[in-house]
1. Provide, for q = 0.08, 0.15 Å⁻¹, the log10 of I(q)/I(0) from a solvent-free Debye sum over equal Cα point scatterers in the chain.
2. Roughly how big is region 13-76's charge dipole about its Cα centre, with Cβ charges of +1 (Lys, Arg) and -1 (Asp, Glu), in debye to the nearest 20?
3. Just to confirm a number: summing +1 for Lys and Arg and -1 for Asp and Glu over residues other than residue 180 whose beta-carbon lies under 11 angstrom from that of residue 180, what do you get?
4. Once you put a point 7 Å from the Cα of residue 97 and another 7 Å from the Cα of residue 78, both along the Cβ direction, what distance in nm separates them?
5. Over the chain, what is the relative contact order in whole percent, taking alpha-carbon pairs under 8 Å and six or more residues apart?
6. Let me check I've understood the local charge: for residue 147, count other residues with C-beta under 13 angstrom from its C-beta, Lys and Arg +1, Asp and Glu -1. What total comes out?
7. Could you give each residue of region 57-67 its phi-based ³J(HN,Hα) in whole Hz, using Karplus coefficients 6.51, -1.76, 1.60 with θ = phi - 60°, and x for Gly or Pro?
8. Of the peptides 128-138, 172-182, 85-95, how do they stack up when ordered by the mean number of other Cβ atoms within 10 Å, highest first?
Amino acid sequence: MKLPGEERCPVNSRQVKNLILAGCFDKVEGILSVLERYAALEKAAGILGFEISETDFPPEKISQHYFWSMLQISISGIGSVDYRRVFDNSELKTKLRGASYKDIGRCFQPDMDGKKAAICATVVEFKEKSFEDKEKKKKNFGVLTLQQNTETIELIVWPENYETMKSQLISAKDHILLMSCMVKWSNFSNQNGLQDYKGSILEII
């Protein structure tokens, strides 16, 4: 209820938060990178009195460009990519045998464990890791975070394929990756992830 003489504001704190996440304040706040939107959120929270939950904005993710891009896409749709269309127009599609296109959401379904999938997604993070085999030899492998608009999944490329794919993977960040993978349950993350297999095919565009 509006009191006599009171000017009612038609915009609430949630709407302001969403406008910040969608990039509507980038120009007026001098934001040059999506990572800077967190500072704008903090400023708005101080003025409007709302809390910034660590559940919604995990400390380990607020420094990641893809995290803010996902929020922008989920709220406004701006920046979304039709990965199915990219896959359908790729050279990799004509080379595939035994693997059909699956989006990330489908790969997370329990019945996909142990099945092949053709993936098309943006590489948002790449790390080279290593372990020692039974003969105490160091083996390197790649761990990539793939993004399809509002969803992410981890891809592991084991040493056998990593040796031949490394030159492409180390410069793949912010590029679109197309690859035939195996969906495997991860006891570490308690969800399905992606791995390479012996006949995996890779294309970076």
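1. -0.37, -0.99
2. Working: 6 positive and 8 negative charges, 41 e Å.
Roughly 200 debye, rounded to the nearest 20.
3. Numbers: positive: 93, 95, 97, 102, 116, 198; negative: 196, 203.
Surrounding charge for residue 180 is +4.
4. For residue 97 paired with residue 78, the spin-label model returns 4.7 nm.
5. 17 percent
6. Working: positive: 61, 173; negative: 103, 125, 151, 154, 174.
That works out to -3.
7. 3J(HN,Hα) across region 57-67, in whole Hz: 10, x, x, 6, 10, 5, 9, 9, 4, 5, 4.
8. Taking the mean over residues of other Cβ atoms within 10 Å, the ranking is 172-182, 85-95, 128-138.
Where a number appears in this text, it was derived from the coordinates with a stated rule and is not lab data. For clarity, every value in this text was computed on a predicted model and none was experimentally measured. Using ideal geometry, Cβ is built from the backbone for each residue, glycine included, and neighbour counts are taken over all protein chains shown.
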